[in-house]
Amino acid sequence: MHIPRSLLGSSTLKAATVLAIGALALTGCTNASQNATPGGGSTESGSAQASFDPSTIKKDDSLAGQVPEAIKSKGTLTVGSDTSYAPAEFLGADGQTPVGYDIDIAKAIGATLGLKVQVQTAEFTGILPALGPKYDLGISSFTINPERLKAVNFVSYFNAGTAWAVQKGNPKKFSLDDVCGKNIGVQTGTVQEDPDLSDRTKKCTDAGKPAINIVTLKNQTDVTTRLVNGSIDAMAADSPIIGYALSQTNGQLEKLGDVYDAAPQGIAVAKSDTALADVIQKTVTKLIADGSYKKILEGWGNADGAITKSEVNPATS
């Protein structure tokens, strides 16, 4: 499924690697809401956006001096992000401006390094293969896992797990102990789709029970809409995304069970660009130390996902 970029030696292998990275990008976390959410709520939080001003971040000349020359010369960090995953990354009220805590973190990194930040909306599965040629960084709620670590560098910056939601009052009496044959919504390409639900449905069929009807949709917004209107029994997503969906659907949904499988999320950098990965890690560490990082997460109601130590390519299970 995957060819490490470090083993490349020909254009054929490079092409194969791009395909492999694209495939394993499907195994991570992403995609939720845009301008209007199910239930009539707005995905844009004005107070959260107003709580962080990148101009308050001072340039660190020492760190700026460590930025690779190719990026330093253009003066801009180009970031690929699937802007449909509120509150991490999504489009604001104008339908064009990227907002969210990941976007604010990107801006804070840029300000620290004395660089402008250009966030480009991208398909989630297309970000990792385009690191280097198109994007300097991928900041899009990527769960760090062993397969991805073979393909790209990751700088850890957040922790998230899996959470579930059902309609308010759980009218269908859905239980995580009885998922066989149920209609469960997930966003395409998330760890909730594979391996979580794929493993669960295999257990169902191995036991002679009906498979889960996994309703996989490109945008998390559409999954949430299906749950609100009752056409699916439950949905699973990253914990901050479930929390945000609950807050934006006017009390029509509720959380089911506890968060599990918490794992670090990472800022993605091309595998060959270890120098950039190192300076990004040092920058995140500085933002953690000076309180800017925590302020950003608090503004978006996601301080629970804060980490105390950023690492390049942390060990994962």
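At a glance:
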{"item": "Residue list for region 84-106, filter: among the hydroxyl-bearing types (Ser, Thr, Tyr), closer than 19 Å to Gly305 by Cβ and modelled with pLDDT of 90 or more", "result": "Tyr101"}
{"item": "Residue within region 84-98 that is without any contact (Cβ under 8 Å) to a residue 12 or more places away in the chain, open to solvent by 10 Å² or more (accessible area, probe 1.4 Å), in contact with a Leu (Cβ under 9 Å, 6 or more places away or on another chain) and in a loop (DSSP other than H, G, I, E, B) present", "result": "yes"}
{"item": "Test: Gly257 is open to solvent by 40 Å² or more (accessible area, probe 1.4 Å) and in contact with a strand residue (DSSP E or B) (Cβ under 8 Å, 6 or more places away or on another chain)", "result": "yes"}
{"item": "Every residue from region 265-302 that is under 17 Å from the mean Cα position of the chain (by Cα) and open to solvent by 30 Å² or more (accessible area, probe 1.4 Å)", "result": "Gly301"}
{"item": "Pair list, Cβ under 8 Å, 6 or more apart: region 300-317 residue among the hydroxyl-bearing types (Ser, Thr, Tyr), other residue assigned to a loop (DSSP other than H, G, I, E, B) and crowded, with 17+ Cβ neighbours inside 10 Å", "result": "Thr316/Ile144; Thr316/Asn145"}
{"item": "Region 201-218, subset under 21 Å from Ala245 (Cβ atoms) and open to solvent by 40 Å² or more (accessible area, probe 1.4 Å), residue nearest to the chain's Cα centre (by Cα)", "result": "Lys218"}
{"item": "Any chance Glu193 is outside any strand (DSSP E or B), open to solvent by 10 Å² or more (accessible area, probe 1.4 Å) and closer than 30 Å to Ile288 by Cβ", "result": "no"}
{"item": "Criterion violated by Lys107 - all others in (1) in contact with a Gly (Cβ under 9 Å, 6 or more places away or on another chain); (2) among the basic types (Lys, Arg); (3) buried (at least 16 other Cβ atoms within 10 Å of the Cβ) satisfied", "result": "(1)"}
{"item": "Odd one out for Ala262, checked against (1) surrounded by fewer than 15 Cβ atoms within 10 Å (Cβ to Cβ); (2) within 17 Å of Ser175 (Cβ to Cβ)", "result": "(2)"}
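The values are calculated or read from the model by the stated rules, or taken from the named source; none is laboratory data. Given the structure is predicted, the values throughout are model-derived calculations rather than measurements. Cβ sites come from the backbone with ideal geometry, for glycine too, and all protein chains shown count toward neighbours. Ligands, DNA and RNA are excluded from the accessible area calculation, which covers all protein heavy atoms including side chains. Shrake-Rupley method; radii C 1.70, N 1.55, O 1.52, S 1.80 Å.
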